[in-house]
Amino acid sequence: MEVFELIQGIARTDANLIRSVDELNKAIDHIVMLIQDSSSLYLGGSYPSSAFLSITACEEVAKAHIGLFTDGTHPEKNGRNMFRNHKIKHQIAAMPTVPMGKRLENALGKDELERIMSMAQNAGFVQIRENALYFQRENDCLVVPSEKVDRDLARSLVLFAIEAFDDALVGSTKYSYEADDITDALFEQIKNT
C-alpha cells in the first residue's frame, strides 16, 4: 500500500496523539535523544543496538508526524491503531520526500539509499529490528545480533533516521530548528566514519 493511501485512511479526530506545540517539542526531544543514543552506540561499536534505536527513532518520527492530525485509529481496520504497527510506522517514516535532498544519497550512495528505502517500505525494518535484539537458531547454529547487523547497516540506519527526522519534523516548530542543529552535527560525524 502506498504511504499516502495509508495516511488517507486514518481517521481525523479531535483527540490527536499530539495536541500542542509543547507536546510536539516534547516528542522532538525524545526523538533526538533516541538519535543521540543510537549515534553513541554506533560510535562505540554496538551496531545491533544502534540499529534498533535508529529504527525506533524512525517509528517515533512517524508517530509525531502523523500524530499531529490523528490518534492513529484506522476506522476500516477494526479500530486498530496504526501507532502500534511497526511496519506502518516504518512506511510512514520512509516518505518519498526523504531521499529528495542529496545529503543522504551523498552519504550512503544511490544503491544503499534505495535499499534502505525499500527495506523501510517492505517490512525489512521489522526483520532488522528483530535481528538486532534477539539471538536465534538458524541452520542448526546459534546466531547472535552482531552476526546479523554490521557496522555498515547500522551507519545507514542512523543516517536514515536523522534524515527522516529532518524531513518530517524540522520546521514544524521554532524549537525543531535547535534540535536540527544537534542531529545535523551527528549526521556529519557519522557520515565521515
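The values are calculated or read from the model by the stated rules, or taken from the named source; none is laboratory data. These figures come from a predicted structure and were not determined experimentally. Reconstructed Cβ throughout: ideal geometry from the backbone, glycine too, with neighbour counts over all protein chains shown.
Numbers below:
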| item | result |
| --- | --- |
| Filter result for N106 (farther than 19 Å from V61 by Cβ, at pLDDT 95 or above, over 14 Å from the mean Cα position of the chain (by Cα) and buried (at least 20 other Cβ atoms within 10 Å of the Cβ)) | no |
| Every residue from the stretch 143-155 that is farther than 17 Å from G44 by Cβ and in a helix (DSSP H, G or I) | E147 |
| Identity of the residue in the stretch 36-81, more than 13 Å from the chain's Cα centre (by Cα) and acidic (D, E), that ends up modelled with the lowest pLDDT | E76 |
| T183 being part of a loop (DSSP other than H, G, I, E, B), out of contact with any Cys (no Cβ under 7 Å at 6 or more places or on another chain) and of a type in the set (S, T, Y) | no |
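Each row is one residue, and each column tells you yes or no for (1) exposed (fewer than 15 other Cβ atoms within 10 Å of the Cβ); (2) in contact with a helix residue (DSSP H, G or I) (Cβ under 7 Å, 6 or more places away or on another chain); (3) of a type in the set (F, W, Y).
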position	(1), (2), (3)
G101	yes, no, no
Q121	no, yes, no
Q127	yes, no, no
N131	no, yes, no
Q136	yes, no, no
C141	yes, no, no
D150	yes, yes, no
